[in-house]
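The values are calculated or read from the model by the stated rules, or taken from the named source; none is laboratory data. Since we're looking at a predicted model, the values are computed, not measured. Counting neighbours? That spans all protein chains shown, and the Cβs are built from the backbone with ideal geometry, glycine included.
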Amino acid sequence: MGKSRILITCAKGITPFLREELILLRFPVLSETIAGIATEGTIEDTLRLNLMLRTGHRVLFLLKEFAARDAEALYAAVLQIAWEEHIAADGYLCVTSSVDNPSIRDSRYANVKCKDAIVDRIKEKYGQRPDSGPDQDRSVVNLYWKDDRCSLYFDTSGEPLSRRGYRKIPLTAPMQETLAAAVILASGWNGNRNFINPMCGSGTLAIEAALIALNRAPGLLRNNYGFMHLKGFNESLWNDLRAQAKKEAKKTLDCRIIATDIRREAVEAAKKNAATAGVEHLIEFDVCDYSGTTVPDGGGIVILNPEYGERMGKIKELESVYKGIGDYFKQKCRGYKGYIFTGNLELAKKVGLRTKRRIQFFNGSIECRLLEYELYEGSRKNT
Ligand SMILES: C[S@@+](CC[C@H](N)C(=O)[O-])C[C@H]1O[C@@H](n2cnc3c(N)ncnc32)[C@H](O)[C@@H]1O
């Protein structure tokens, strides 16, 4: 397969950070939507993208574009593609889709028609059809069908890249790994100064911070991707890319990363997750109220993701927490930049400090903001 369009999807609002990443990796930015960026390259390039990208969700490699008015036309067009060159007859296939066509009421029907055409084609060539189902841990084909235009992609990620593989212990309201990485990149933090994360929950922000500071490719943590299940997977290139990424990663930090939470089980989970990510020894964990979190000399960022009442906690009770965060910033965090990631702007007003920047994000369907506060040396209250 030669060069083709590569579409990288991401959570809504994350494209500015994904764009920066692509530019650093020297990929062209061809077009952008609110939740994705189109670039171009070969199927081999998708290996590098899957390995290196911190904020992308899925790396989709365009196989073919064609017109189809209805399900029968879709079946006929998909049957024309030489699937036997890409998917093993004894393999496993999952078809995902995004469909907006007047003849299709349920996108699952489009998935079935597409899947039928693929397996019928392979059976015709080899006398055996691959298994199929909803699991995305092997070959995944993605159909984008708008009006009568269809685009068929290989989903080279398979499982979304947000599933880095280190978050083994589920806690309530964790932040997606890709969102946490985008939030850190939005702050401009790059590992030169301290990273203080009270209310760390399952540790996602602190772990992503450690990976960024070490320049460690997030994809090193995973050993299964969609591209591995396509015929012609270039395993030696993959091994070379991994070896190169390992060589480029640092072993030690030039700053301190401190993560705390009031709940012991959260800190235990965060430690285990950090151990799975290979960064536990680099993060200083503690069980304490956010206001008791050590803020060492040297400056850096203090970043909190408090509950915001949408998914847990009650808004009234949270008002005093937000006010307390404002006091903590003023009294203990001078010389730092303060950040609050929240989905409740009314609660954010209780912080009582002027925001320097307000950056829009989405946590699932919830519109959120990363609020930045400049905590000047002189802004500390004398208490
Ligand atoms: C929304 S969760 C943070 C999720 C985290 N970003 C993650 O990815 O898992 C908020 C966390 O704040 C903690 N928390 C609530 N009140 C606290 C307090 N007063 N001091 C410290 N931590 C607190 C909770 O235990 C919870 O783990």
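Remark: pairs (first residue in the range 1-16, free of Cβ contacts under 8 Å to residues at least 40 places away in the same chain; second residue charged (D, E, K, R); Cβ separation under 7 Å; 6+ apart in sequence or on different chains) = Lys3/Glu40; Thr15/Glu32.
Out of the residues in the range 81-117 meeting the condition of being among the charged types (D, E, K, R) and not in a loop (DSSP other than H, G, I, E, B), tell me which one is farthest from Lys64 (Cα to Cα). Checked the range 81-117; the qualifying residue farthest from Lys64 (Cα to Cα) is Arg108.
It is to be established whether one or more residues within the range 36-43 are crowded, with 21+ Cβ neighbours inside 10 Å and within 12 Å of the chain's Cα centre (by Cα). No, the conditions are met nowhere in the range 36-43. Filtering the range 324-360 to residues that are touching a residue at least 40 places away in the same chain (Cβ under 8 Å), assigned to a helix (DSSP H, G or I) and under 19 Å from Ile184 (Cβ atoms) leaves only Phe329.
Remark: pairs (first residue in the range 54-74, under 23 Å from Thr178 (Cα atoms); second residue of a type in the set (D, E, K, R) and buried (at least 19 other Cβ atoms within 10 Å of the Cβ); Cβ separation under 8 Å; 6+ apart in sequence or on different chains) = Arg54/Glu21; Arg54/Glu208; Thr55/Glu21; Gly56/Glu21; Arg58/Asp155; Val59/Asp155; Leu60/Asp155. Of the residues making up the range 39-69, those that are small (Gly, Ala, Ser) and under 25 Å from Ile118 (Cα atoms) are Gly41, Ala67, Ala68. Once the range 166-196 is narrowed to residues that are buried (at least 20 other Cβ atoms within 10 Å of the Cβ) and among the charged types (D, E, K, R), the residue that is modelled with the highest pLDDT is Glu177. If you go through the range 130-148 and keep only what is surrounded by 15 or more Cβ atoms within 10 Å (Cβ to Cβ) and either at positive phi or part of a strand (DSSP E or B) (or both), you end up with Ser132, Ser139, Val140, Val141, Asn142, Leu143, Tyr144, Trp145. A count restricted to the range 285-304 and to residues that are within 16 Å of Lys350 (Cβ to Cβ) and buried (at least 22 other Cβ atoms within 10 Å of the Cβ) stands at 1.
For (1) under 15 Å from Gly201 (Cα atoms); (2) not aliphatic (A, V, I, L, M), each residue gets a yes or a no:
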site: Glu235; (1), (2): no, yes
site: Leu241; (1), (2): no, no
site: Gln244; (1), (2): no, yes
site: Lys251; (1), (2): no, yes
site: Asp254; (1), (2): no, yes
site: Ile257; (1), (2): yes, no
site: Thr260; (1), (2): yes, yes
site: Val267; (1), (2): yes, no
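What about Ser187, is it of a type in the set (S, T, N, Q) and over 30 Å from Asn101 (Cβ atoms)? Considered against the rule, which asks whether it is of a type in the set (S, T, N, Q) and over 30 Å from Asn101 (Cβ atoms), Ser187 comes out as yes.
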